[in-house]
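Scroll down for the structure; my scribbles are underneath it.
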Amino acid sequence: MRDNTLLEVRNLKTYFYTMDGTVLAVDGVDFVMREGQTVGLVGESGCGKSVTALSIMRLITPPGKIVGGQVIFDGEDLLKVDDEEIRRVRGNKIAMVFQDPMTSLNPVLTINRQVSEALELHLGMNKDESRKRSIELLEIVGIPEAAKRIDDYPHQFSGGMRQRVMIAMALSCNPQLLIADEPTTALDVTIQAQIIELVKRLKKELGMAVIWITHDMGVVAGMCERVIVMYAGHIAESARVSDIYADPRHPYTLGLLGSIPRLDAARKSKLTPIEGLPPDLINAPPGCPFAPRCAWVIDICHQECPRLRGVGPGHETACWANVKEGRA
Amino acid sequence: MSINEILLEVKGLKMHFPLTQGIIIQRQVGAVKAVDGLNFFIRRGETLGLVGESGCGKSTTGRAILQLYRPTAGQVLFEGQDLCKMAGERLRQMRRRMQMIFQDPYASLNPRMTVGNIIGEPMEIHNLAKGKEKQEKVQELLRVVGLNPYFSNRYPHEFSGGQRQRIGVARALAVQPEFIVCDEPISALDVSIQAQIINLLEELQAEFHLTYLFIAHDLSVVRHLSDRVAVMYLGKIVEIATRDDLYRTPLHPYIKALLSAVPIPDPTVEARRERIILVGDVPSPVNPPSGCNFHTRCPIAIPLCSEQEPAFVDKGVDHWAACHRV
């Protein structure tokens with residue numbers, strides 16, 4: 001058996017009950033993560049990648065609801081434990097870094113108060129200990145003059161520095177799993193490179209697993225071991241990072257790779273966009289959600305939603321068609 | 001009309017925003033030097049890419065060229081005529097020839113106007129068409145940007161982000177301009193939609209002989225679309241070259257670092273790449289560093305860099321850079 005399995009998500013379903021109808025934000029997501037592994041969760045806005053992450057942490061609030069599935073973390077189903085227990089997991093064993101460093105810090109509390117909070121709550125440190133540890137943490141994430149800046153407020157930090165503070169907070173209790181939800185999307189490329197280097201270094205030093213949520217196939221290539229591509233609440237394809245780029249087996253993955261200009265490739269006269277729009281998740285038609293935009297579409301695609309099937313070692317795709325030599 | 005005709009020339013453009021103190025009696029205590037002395041030109045029919053990080057002044061440059069901000073100093077010559085000296089009716093006449101496509105398709109369309117009115121309004125303002133003729137032109141424009149012509153009675157909220165951006169493009173085209181400033185037209189869109197808009201902009205350029213100033217922070221997109229590229233840092237242009245020169249043989253240490261920081265969607269390439277990681281953040285444009293304003297983050301800075309501002313000179317064939325070390 002896979003003894004070093006850290007997280008197993010089985011048939012996770014999270015729906016939002018809105019005035020307009022039920023939004024099937026995450027509709028049957030399965031994946032497994034090993035300890036210390038970095039998994040990239042890729043997809044466009046509204047594909048359910050953030051909702052998947054929030055469901056793992058059980059941070060879904062009404063009108064959203066986790067309606068089914070299991071999230072087995074360290075042998076325990078997080079969807080079954082009581083509120084007391086999930087609070088002990090959040091921020092302690094699983095930590096999260098959010099997209100927007102400008103809004104995810106409390107503007108009226110000092111950095112010290114915010115970083116220390118988890119240390120005092122989860123590790124039972126007193127004020128002096130937590131302050132000392134907070135300064136260490138800020139040094140680890142590369143904030144210059146940490147001892148001086150710890151009493152500053154968030155507005156005195158730049159975007160990149162705030163994201164470092166967020167990472168310091170996330171690391172405070174040595175989590176086994178770090179969920180980073182588009183942590184560099186709001187940042188400039190040079191700052192993005194700094195944050196990516198930082199997370200890579202910390203991962204090596206602390207041995208934590210990372211779920212890196214992004215829409216940027218480039219970021220994933222540089223730092224993840226596995227990639228999960230999501231589309232309209234479903235997993236479209238899941239593979240080792242080398243396979244997803246060299247041998248994509250889902251038309252959506254192919255489309256994503258073909259539609260972005262690459263900095264190093266010969267300049268093509270035209271990009272190959274994916275025609276059409278992502279589907280409405282309220283009135284999802286039966287069949288494959290990508291079928292209306294797909295170039296490989298066959299009859300069965302409109303009738304039945306494909307399940308993930310193996311197409312190689314550790315490589316799964318949810319597609320009826322046999323996509324092989326289609327590299328754009 | 002020759003191929004190398006210069007359509008727009010910018011000379012010594014400065015755009016400073018005053019910082020004031022006091023409630024009743026406002027004193028000026030400083031200025032945000034958003035754009036601080038730019039020199040460049042754009043040839044008719046070409047695309048000049050303008051790249052840089054957030055806050056470097058690239059959007060301000062676009063707006064100052066169109067006189068949406070009145071520049072503090074400098075000249076903006078459109079076919080040799082200085083737009084900064086124009087006002088009133090004369091400027092309005094010139095504005096027909098220059099349009100803008102904005103970044104955020106959710107904020108740049110009036111939610112209370114129908115798509116037909118949004119696209120038709122510029123035609124009325126410039127007395128180009130009205131009544132039935134206007135309606136026909138609106139429908140034609142919708143077709144040109146890839147939307148259903150019968151959408152003209154709908155409101156912006158009925159459209160997705162990509163479709164709204166197409167409406168924004170149609171509005172810009174309504175007055176048959178020669179020059180369009182595209183201010184990050186795709187960065188608010190989803191990845192799979194971005195390529196649709198990029199292709200549309202390229203098709204329209206070929207069809208209507210448009211000249212673009214394409215402002216973006218995404219170096220891969222700028223490379224795809226531009227003929228020449230200008231790189232900005234803290235209100236100044238640090239390098240201008242043709243696309244191939246700039247991406248193949250970048251000179252300035254800032255653009256070298258920028259290029260190395262762009263992730264490439266290929267794990268084998270990523271594993272071999274050497275990253276130049278810049279330390280620190282972009283300094284404040286209120287109080288820019290002395291000398292070369294990049295010297296605080298530059299990996300190859302020498303003492304001279306903090307003392308003297310490097311001249312912007314031609315280091316090759318039409319390959320301009322401002323750096324003491326190259």
**Asked** Looking at this structure, is residue A:221 facing chain B (nearest Cβ under 9 Å) and surrounded by 23 or more Cβ atoms within 10 Å (Cβ to Cβ)?
**Response** yes
**Complete set of residues in segment A:1-31 that are in a loop (DSSP other than H, G, I, E, B), touching a residue at least 12 places away in the same chain (Cβ under 8 Å) and acidic (Asp, Glu)** = A:20
**Message:** Go through segment B:166-181 and report how many residues are closer than 30 Å to residue A:257 by Cβ and either touching a Gly at 6+ places or on another chain (Cβ under 7 Å) or within 14 Å of chain A (Cβ to nearest Cβ) (or both).
**Reply:** 1
**Fill in**
Scanning segment A:211-247 residue by residue, those closer than 25 Å to residue A:297 by Cα, in a helix (DSSP H, G or I) and either without any contact (Cβ under 8 Å) to a residue 12 or more places away in the chain or hydrophobic (A, V, I, L, M, F, W, C) (or both) turn out to be A:217, A:244, A:246
**Message:** Restricting to segment A:9-45, count the residues that are buried (at least 18 other Cβ atoms within 10 Å of the Cβ) and farther than 29 Å from residue A:207 by Cβ.
**Reply:** 9
**Message:** Can you find, within segment A:248-267, the residue that is farthest from residue A:237 (Cα to Cα) among those that are within 8 Å of another protein chain (Cβ to nearest Cβ) and either part of a loop (DSSP other than H, G, I, E, B) or aliphatic (A, V, I, L, M) (or both)?
**Reply:** A:267
**Message:** Can you say whether residue A:45 is within 13 Å of the chain's Cα centre (by Cα), assigned to a helix (DSSP H, G or I) and not hydrophobic (A, V, I, L, M, F, W, C), as far as the supplied structure shows?
**Reply:** no
**Fill in**
For segment B:182-197, the count of residues that are acidic (Asp, Glu) and either away from chain A (no Cβ under 11 Å) or over 15 Å from residue A:186 (Cα atoms) (or both) equals 2
**Fill in**
Being basic (Lys, Arg) and more than 27 Å from residue B:248 (Cα to Cα) narrows B:228, B:164 down to just B:164
**Request:** Could you tell me which of the residues A:101, A:62 is in contact with a helix residue (DSSP H, G or I) (Cβ under 6 Å, 6 or more places away or on another chain) and modelled with pLDDT under 90?
**Result:** A:101
**Item:** Qualifying residues in segment B:121-139 (those that are within 27 Å of the chain's Cα centre (by Cα) and assigned to a helix (DSSP H, G or I)) - the one surrounded by the most Cβ atoms within 10 Å (Cβ to Cβ)
**Value:** B:138
**Extreme residue, nearest to residue B:159 (Cα to Cα), among residues of segment A:270-323 that are basic (Lys, Arg) and not in a loop (DSSP other than H, G, I, E, B)** = A:293
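The values are calculated or read from the model by the stated rules, or taken from the named source; none is laboratory data. Quantities reported herein were computed from a predicted structural model and do not represent experimental measurements. Note: ideal-geometry Cβ built from the backbone for every residue, glycine included; neighbour counts use all protein chains shown.
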